[in-house]
Structure formats: C-alpha cells, structure tokens
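The values are calculated or read from the model by the stated rules, or taken from the named source; none is laboratory data. What you see is a predicted model; the values in this text were computed from it and never measured. Cβ: placed from backbone, ideal geometry, glycine included. Neighbour counts: every protein chain shown. Side chains are part of the model used for accessible areas, which takes the heavy atoms of the whole protein and leaves out ligands, DNA and RNA. Shrake-Rupley method; radii C 1.70, N 1.55, O 1.52, S 1.80 Å.
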Amino acid sequence: MRRYVWLVAVLLCLFVLTGCWDRKELSQYALVSGVFIDKKNSEYQVSLQVINTKEVTNKGGSSAPVTVFTQKGKTISEAMQRIAKISPRQLFLGHFRILVISERLARDGVRKELDVFRRKVNVRSDFSIIVLKDSFGQNPFTDLVPLEKLSASFLYDTQKNSEKQFASSRTVRVHDIVSVLAEKGKDAVLPAVEIKGKHSATGKIDQYKSTVPPTLFEFSGLAVFHDDKLQGWLNENETILFNIMTGKVKLSNLVVPCTADNGFISYLIDKSKSSLKSKMDNNNLQLGISVKVDAYIEETSCMSKLSNPNQMKQLEKQLAADLKQKMTNLINHIRMDFKSDLFGFGAKIHRSNPKQWQQISGRWDQLYATADLDIEVKVLIKDTGSITDPDIVDVGD
C-alpha cells in the first residue's frame, strides 16, 4: 500500500513541477533603458533606447553601446508595438528609469500620456520624468555622452546629482506627478533638461574620442505646469529658491553681495524647513509662508570680522532680507505669469475646509493672483569653515 502512495505522489509532482515553461533567455529581450516621447500633428513619436549588452560589458567595444528604435502611432502603445517590426528582440521595459517628454508634448498636456505606463504590469512605478527644453526635432537618446555608456543613465544620474549637489533640479517620479495632478489646488513641476553643444542625430561612436564632449545635458531649471499643461520655466536661481522654500534643498550655494564693500559672501545651504498659511478672511485670501534656513559660510571676499558675534547676527539678517525679497518676487512671478499654484496654497484650503474650497474653487485663479502675501524668513549661520576671519581682515583693528 505504501508503494502505491509514493507512486501517486511522484505522478502528482510530474504535473505540478513542470519547470519554467515560459522562461526566456536574457538574449531574447531588448532591455529598454529610457523612453522619449514627442508629438507632432496629433501623432506620437516614441523612441526607445535599447542596451547593447555585449558592448556595455566590453570595455574595448567598437560599436555603440545602445540602439535607438523610433516609431509613430496614434497612441503611445501603438507606436511602441510597431517597434516590433524593426527589433529582432522582444522589448522589456521592466528596468527603464527615465521618461523624457518633449516641450511641445508637455505644452499639449501630459495627463493622458501617463496612462499607458501606469497600466503596463511589467513597468516599475518609480521611474523619473523630465522635460526636454527647446527639443523641437531633437532626440536625446541619439547623443553619446561622457562617463556613461548609456545616455539614459547619464540623464538619470546627472539629474540626481544636480538635485543633490546644487538644488538646480528636482526628482519627480511618475507617482509623484500623478498624485499632484489628482490633487485640487496644486500644480506640478518637472525637471527640465537642455541639450548643450552640438546635437547628433546619428550618435556616432567618435563622440567618445574627445576630451571636450561635443554634447552635454544640463539640468538647470524646472518646467512649470498649470493643470497638466506646460506654462513656462523656472531658471537655475529660481529653482534653487523654490527648493529652499519647499524644504527640498539638500545642498546648494547662494551668493550675496557685501553691504560695506564690493565683495561677495558665498553661503552653503544644506537644510530648510517651511510651513504654509492659506485662509479666507472676510472674502479676502491671505497667503503666508515661513522658511527656516541653515547656512554655512563657504567663501567671502568681504571685510567683515566673522569672529564678532554682532557681525554674524547682521549677516543672518542680511541673508534673510535678501531671501525674503527674492521669494516674494518668485511667488509673484509664478502666480502672475504662469497662473500656477506650485506651493499648494489652494490644496491647503481644500484639505482643511472642503466646503469653503467648493465655494471659491471657481474663482481661485483670480483670488490667488491678488491675495495678500506674507513671507517670513529666519536664517541661522551655523559655521564659518576651518577659519573664522578672512585673511584680508586685520583682526587687531
């Protein structure tokens, strides 16, 4: 009897343990590292940067490390499916990390373009999104760039580095922008990138052979949206300021002129905290933002005695006043020129008082543009570096 039990168990295993029936070798897939989407005449143009695995792993490779496939379609998914006509391998998007959208597509709206990536089950939800500025007719994936064999990886890593080391950019993942677009009373930003130098439409391997790269990607600003449409750009300084105001700065540098001479002080900013105020009072909208900034003196050509506590307090007040004026100008620029609420003043009212938001949402743009604005800035200079007084100051005076 025991023999029959074992025989039945073995037979059941034959049916259950059938192996990896749908297994495919890595060589059968085209691994996508980045996606670029453009739109022209109501038709999408999708470019996929596919990794040439042999060349990426071969240090002395003589061929391009990537191949760029481009197709058009009435929808993004149709264009991507058409790439099967020109690719010998099945596309795999499970590890792509960056989605680049053109400026003209961003101006037309991005909400519906994100639908396909959120529906695909084999696509990760944490890839980053950037906008290619002045991108008419340019494809960022056809350029070969220094230090990285994959231009998609170069874009991803450079954007991260510019955010971390200079605050001239900001990482926005697909779930971040989807969340903002779904929120009432708040508009979105996306990191902006520009192609600097000579753009290559063919991406020849000779681009690697120059000590001065003919092409670079520069992250020095943000794309500003209202609803889901691109309205304009924040430049480098405005982006740094915006990141400070929203508590997203990790490391940056601010240069302020001296008050008593023609020199400058360079401050390192590594931390900021902020809080918003937004309320209706007698049919008048009042907006406020409070910002606390930690700063370090990294360089100075001023004649200030930094060993003097009173002088340090004066520098803190000077930097706070400078930031307050620039922050006021930035908010006015954003709300007047772009009609955008990037800080979420409207969302704050919507969360705290939904009934009130329902009453004013239809005229929010007008109320927001003319609202009273109160900005408070506090600065703490925490350190002066390895020395206190600059060498140009006579500490004996």
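Structure summary
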| read-out | value |
| --- | --- |
| Asp227 accessible area, assembled protein chains, probe 1.4 Å, Å² | 90 Å² |
| Dipole of the chain, positive end: most advanced residue of Thr53, Ala223, Ser135 [Cβ charges, Cα centre] | Thr53 |
| Links that overshoot a 30 Å alpha carbon limit, given the list Lys112/Lys149; Lys184/Lys250; Lys72/Lys250 | Lys112/Lys149; Lys72/Lys250 |
| Protection proxy ranking, peptides 40-50, 277-287, average beta carbon neighbours within 10 Å, highest first | 40-50, 277-287 |
| Modelled FRET efficiency - R0 41 Å, Lys196 with Arg89, Cβ distances, 0.05 increments | 0.80 |
| Under the Karplus curve 6.51 cos²θ - 1.76 cosθ + 1.60, θ = phi - 60°, whole-Hz ³J(HN,Hα) for segment 254-266, x wherever Gly or Pro sits | 10, 10, 10, x, 5, 7, 9, 8, 9, x, 9, 10, 9 |
| Per residue, in Å², the accessible surface of the chain once ligands and nucleic acids are set aside, probe 1.4 Å | 54 Å² |
| Spread of Cα-to-Cα distances over 20 Å intervals beginning at zero, given as percent, for the chain | 23, 44, 26, 6, 1, 0 |
| Cross-link pairs beyond the 19 Å C-alpha cut-off, checked among Lys54/Lys160; Lys186/Lys277; Lys277/Lys382; Lys39/Lys74; Lys271/Lys292; Lys348/Lys378 | Lys54/Lys160; Lys277/Lys382; Lys348/Lys378 |
| FRET efficiency, 1/(1 + (r/R0)^6) with R0 25 Å, evaluated for Gln286 and Arg104 via beta carbons | 0.05 |
| Principal-axis tilt of helix 236-245 within the chain, Cα atoms, nearest 10 degrees | 80 degrees |
| Charge dipole (debye, nearest 20) of the chain; +1 at Cβ of Lys and Arg, -1 at Cβ of Asp and Glu | 2260 debye |
| Most to least packed among 84-93, 189-198 [average Cβ atoms within 10 Å] | 189-198, 84-93 |
| Size of electric dipole in segment 315-371: Cβ of Lys, Arg +1 and of Asp, Glu -1, about Cα centre, debye, nearest 20 | 200 debye |
| Value of relative contact order over the chain, rounded to a whole percent, pairs C-alpha under 8 Å and six or more apart | 12 percent |
